[in-house]
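Student: Let me give you the structure first, and then I'll get to my questions.
The values are calculated or read from the model by the stated rules, or taken from the named source; none is laboratory data. None of the values given here were measured: they were computed from a predicted structure. Reconstructed Cβ throughout: ideal geometry from the backbone, glycine too, with neighbour counts over all protein chains shown. Heads up: the accessible areas ignore ligands, DNA and RNA and are worked out on the full protein's heavy atoms, side chains in. Shrake-Rupley method; radii C 1.70, N 1.55, O 1.52, S 1.80 Å.
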Amino acid sequence: MSYTILTGDRATGPLHLGHYVGSLRQRVELQHQHRQTVMVADLQGLTDNGSNPQKISANVLNVVADYLAVGIDPLKTTICLQSALPALTELTLYYLNLVSVARLERNPTVKSEIVEKDFARSLPAGFLIYPVSQAADITAFGATHVPVGADQLPMLEQTNEIVRRFNHVTGQAVLTECRPLLSKVDRLPGLDGRGKMSKSRGNAIALGAGADEVHRAVMSMYTDPGHVRVSDPGKVEGNMVFTYLDAFCEDAALVAELKAHYRRGGLGDVKIKRLLEDCLQSLLEPIRTRRADFIADKGELLRVLQEGTRRAHQVSQRTLAQVKAALGLDFFALD
Ligand code: TRP
């Protein structure tokens, strides 16, 4: 079975290992059998960076470089830019009439982000409605499957509610419901073990991080504060080195053995950190090199993005035309 896949990433910074295990790794696999579109979500990035648009514009090509560096192939995957696709903005406005403010405020992901960002009454209206804009992203491409981390499940639920509502109101099956494709490793915690990996919390390893940076990050990782001497029994749960070994070390039997040894006592933090560092360095080394090559050729990054966006424009305009027709608002089209 072939899926129609859409995902995106906010262009708020370079992508990191959390993005990699949460979704990028899957996309590289999926692109071979399925029709996949990947979106640089610059508009969504603006929803909590309204007064700092430069932060978003400066990261658009970084994200494209990250995509290419991990192996997303522009010949197999359509890579596009959200702000260059007017259909997405238009669809958002139509969908907004099918969603109540109360429902938006109940979205668990948005709710916790509002608390975390301490918005209170200065909550940007655009931020509150970003799940609706995400519904536009997903439906514009008729996506049947969306590879995301678990924190995005409420977005898909809200999208499907809009889809059902729209189809019900218009009496036409114009929009398609979508399903998540969850990755094996859900939501990589940050290096400090506090919450998810995120650049703004300073607990992330970027995909383009230098070898020294990776070394330092691993050596400073949160382990088990009770594991003072090597001979002490140590805790594996909540120990970030083991959490990361589970995510990045392919030798699961070895990791299981090390966990048992660590629990018994007699296995030092430095040993397990060295193993993790080896895994991460060998994963990141080729990514870093490819990324640097792409970053050195901004013209090529722009070409890739523009080409993909052109294709995405055609698809999304078609959906918009269907949506307007279903609403009876297709009196005429300019140009
Ligand atoms: N909200 C997603 C994130 O923060 C990014 C995103 C934007 C997205 N549009 C999307 C994800 C469409 C999936 C589908 O990671």
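Student: Give me log10 I(q)/I(0) at q = 0.21 Å⁻¹ for segment 208-293, Debye formula, one equal scatterer per alpha-carbon, no solvent.
Tutor: Values returned for q = 0.21 Å⁻¹ are -0.94.
Student: What shape does segment 274-315 have by the C-alpha gyration tensor, where a ≥ b ≥ c are the square roots of the eigenvalues, rounded means a/c under 1.5, and otherwise prolate means a/b greater than b/c and oblate the rest?
Tutor: Here segment 274-315 falls in the oblate category.
Student: Computed FRET efficiency, Cβ-Cβ of Glu307 and Arg274, R0 51 Å: what is it to the nearest 0.05? It would help to have the intermediate numbers written out before the result.
Tutor: Details: r = 43 Å, r/R0 = 0.84.
Step by step, r from the Cβ atoms, then E = 0.75.
Student: Something else about it: State, as an integer percentage, the relative contact order of the chain based on alpha-carbon contacts under 8 Å between residues 6 or more apart.
Tutor: It rounds to 23 percent for the chain.
Student: Let me ask something else about it. Nearest 20 debye, what's the magnitude of the dipole of the chain about its Cα centre given +1 on Lys and Arg Cβ and -1 on Asp and Glu Cβ? Don't jump to the answer; show the numbers that get you there.
Tutor: Values: 38 positive and 37 negative charges, 62 e Å.
In debye, rounded to 20, the chain gives about 300.
Student: Sticking with this one: Check each of the trypsin sites (Lys or Arg not before Pro) in segment 50-121 and keep only those in coil by DSSP with at most 16 other C-beta atoms within 10 angstrom; list them in order.
Tutor: Of the trypsin sites (Lys or Arg not before Pro), the ones in loops of segment 50-121 whose Cβ has at most 16 other Cβ atoms within 10 Å are Lys76, Lys117.
Student: Taking K and R as +1 and D and E as -1, what net charge do the other residues with C-beta under 12 Å from the C-beta of Thr78 add up to?
Tutor: +3
Student: Give a quick list of chymotrypsin sites (Phe, Trp or Tyr not before Pro) in segment 259-335 that DSSP marks as loop, anything other than H, G, I, E or B, with at most 11 other Cβ atoms within 10 Å.
Tutor: Taking segment 259-335 and a limit of 11 other Cβ atoms within 10 Å, the loop chymotrypsin sites (Phe, Trp or Tyr not before Pro) found are Phe331, Phe332.
Student: Another one. Can you work out the FRET efficiency for the pair Ala253 and Asp151, with r the C-beta to C-beta distance and R0 = 51 Å, to the nearest 0.05? Please list the in-between numbers first.
Tutor: Working: r = 31 Å, r/R0 = 0.60.
Once the sixth-power term is evaluated, E becomes 0.95.
Student: Using a 1.4 angstrom probe, figure out how much accessible area segment 269-310 has per residue, in square angstrom, rounded to the nearest whole.
Tutor: 58
Student: For the pair Gln314 and Asp330, how long in nm is the line joining their label points, each one 7 Å along Cα→Cβ?
Tutor: 1.9
Student: Among Val70, Phe141, Cys249, which residue has its Cα furthest toward the positive end of the charge dipole of the chain, with +1 on Lys/Arg Cβ and -1 on Asp/Glu Cβ?
Tutor: So the residue furthest toward the plus end is Phe141.
Student: If you don't mind, another one. Which longest run of the chain has no exposed loop site in it, a site being GluC sites (Glu not before Pro) in a DSSP loop with at most 13 other beta carbons within 10 Å, and the site itself not part of the run?
Tutor: 1-236
Student: Another question, if that's okay. Report the FRET efficiency, 1/(1 + (r/R0)^6), for Leu75 and Arg264, where r is their Cβ-Cβ distance and R0 is 35 Å, rounded to 0.05. Could the numbers behind the result be given before it?
Tutor: On the way: r = 51 Å, r/R0 = 1.45.
The computed FRET efficiency comes out at 0.10.
Student: I'd like the carbon and sulfur percentage of the solvent accessible area for segment 128-285, probe radius 1.4 Å, heavy atoms only, ligands and nucleic acids excluded.
Tutor: 51
Student: If I stretch the segment between His168 and Met1 completely, what's the gain in nm (0.36 nm per residue apart, minus their alpha carbon distance), one decimal?
Tutor: 57.4 nm
Student: Treating each Cα of segment 96-168 as an identical point scatterer and ignoring solvent, apply the Debye formula and state log10 I(q)/I(0) at q = 0.16 Å⁻¹.
Tutor: -0.56
Student: Quick one: which residues, 5+ away or cross-chain, put their amide H under 5 Å from the amide H of Met39? H built at 1.01 Å from N.
Tutor: Thr7, Gly8, Asp9, Cys80
Student: Can I ask one more? Under a GNM of the chain (C-alpha, springs under 10 Å), which listed residue has the highest mean-square fluctuation: Ser231, Ser133, Ser316?
Tutor: Ser231
Student: A follow-up question, please. As an exercise, identify the trypsin sites (Lys or Arg not before Pro) in segment 154-185 lying in DSSP coil whose Cβ has no more than 16 other Cβ atoms within 10 Å.
Tutor: Taking segment 154-185 and a limit of 16 other Cβ atoms within 10 Å, the loop trypsin sites (Lys or Arg not before Pro) found are Lys184.
Student: Now, a different point. Under Stokes-Einstein, with the Kirkwood radius over Cα pairs standing in for Rh, what whole-number D in µm²/s applies to the chain at 4 °C and 1.567 mPa s? Write down the numbers at each step before the final one.
Tutor: On the way: Rh = 21.4 Å.
Value of D from the Cα-based Kirkwood radius: 61 µm²/s.
Student: Right, another one. For segment 208-293, what relative contact order do you get, as a whole percent, if you take Cα pairs closer than 8 Å and at least 6 residues apart?
Tutor: 38
Student: Simple spin-label model, 7 Å along Cα-to-Cβ: Ser198 to Arg121 in nm?
Tutor: 2.5
Student: Please work out the C-alpha center-to-center distance from segment 54-114 to segment 285-335 and express it in whole Å.
Tutor: Using only Cα atoms, the two centres lie 12 Å from each other.
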